Amino acid sequence: MRMSFRFAGAAAALVALSLPAAAQVFVIGNGLGSDCYSKTARNVSNFIDAETTCTRALREESMNRENRAKTYTNRGVLRMRAGRYDQALGDYSEAIRLRPELGEAYLNQGAAYIYKDEFGTALQSLNKAIELETNDMFAAYYNRGIAKENTGDVEGAYYDFKKSLELKPEWSLAQRQLTRFTLTPTNG
């Protein structure tokens, strides 16, 4: 028996995650790269100060490619939180250029595209994040659900929100999304 989907309520609220490259930047000591990660992970409200720290780390510290890519990702998160999506996308692109296997950069790139209402492009980034098994798979599926729904793939969105909740049980955002769907059996 095939299931069809219809909305029980209003369209989805855009709630893309702007997670830092969680626990990804490992800088020994108390350098600027470590400060950049710390400020991003703490979700500080002074984005300008935190972004300046990240920019200084990229400009002044010697880092390996991996840490440099993660620092670009973290700075992109800060820029995205400040609503500067094009600058954030530039940082994610640089992180991907340095470390094409960094799933968190694709995850956050997808979120930035969602904020810009570029859902088809967001899907490409989020599919790559899932393929690379980003550390935040629950967020990748959740964001992909938003992108799918906004491109007309309501059934795919439902299953992505369901997978997100499976990966992070009790997550209220995914739970809230799933309450909007009603499954009805259809003949076919």
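Just a few scattered comments:
- Exactly one residue out of ALA122, ALA111, ALA139, ALA129 is buried (at least 24 other Cβ atoms within 10 Å of the Cβ), touching an Asp or Glu at 6+ places or on another chain (Cβ under 9 Å), touching a residue at least 12 places away in the same chain (Cβ under 8 Å) and of a type in the set (Gly, Ala, Ser): that is ALA129.
- Qualifying residues in segment 158-188 (those that are touching a Leu at 6+ places or on another chain (Cβ under 9 Å), in contact (Cβ under 8 Å) with a residue 24 or more places away in the chain and surrounded by fewer than 18 Cβ atoms within 10 Å (Cβ to Cβ)) - the one farthest from THR121 (Cα to Cα): TRP171
- Scan of segment 74-101 for residues that are within 13 Å of LEU132 (Cβ to Cβ) and either buried (at least 24 other Cβ atoms within 10 Å of the Cβ) or in contact with a His (Cβ under 9 Å, 6 or more places away or on another chain) (or both), ordered by number: ALA95
- So ALA69, is it within 19 Å of GLU133 (Cα to Cα) and among the hydrophobic types (A, V, I, L, M, F, W, C): yes
- Helices (runs of 4 or more DSSP H) wholly inside segment 112-188 containing at least 1 residues that are under 22 Å from ASP91 (Cβ atoms): 119-131, 137-150
- Among the residues of segment 142-157, the one identified as among the aliphatic types (A, V, I, L, M) and open to solvent by 10 Å² or more (accessible area, probe 1.4 Å) is VAL154.
- Among (1) part of a helix (DSSP H, G or I); (2) closer than 30 Å to ALA50 by Cα; (3) open to solvent by 30 Å² or more (accessible area, probe 1.4 Å), the one test that LYS70 misses: (3)
- Selection within segment 35-55 - touching a residue at least 24 places away in the same chain (Cβ under 8 Å), in contact with an Asp or Glu (Cβ under 9 Å, 6 or more places away or on another chain) and open to solvent by 10 Å² or more (accessible area, probe 1.4 Å): LYS39
The values are calculated or read from the model by the stated rules, or taken from the named source; none is laboratory data. The structure presented is a predicted model; accordingly, all values stated were derived computationally and were not measured. Here the Cβ is made from the backbone with ideal geometry for all residues, glycine too, and neighbour counts use every protein chain on show. Remember, those area values only see protein heavy atoms, side chains included, never the ligands or the DNA or RNA. Shrake-Rupley method; radii C 1.70, N 1.55, O 1.52, S 1.80 Å.
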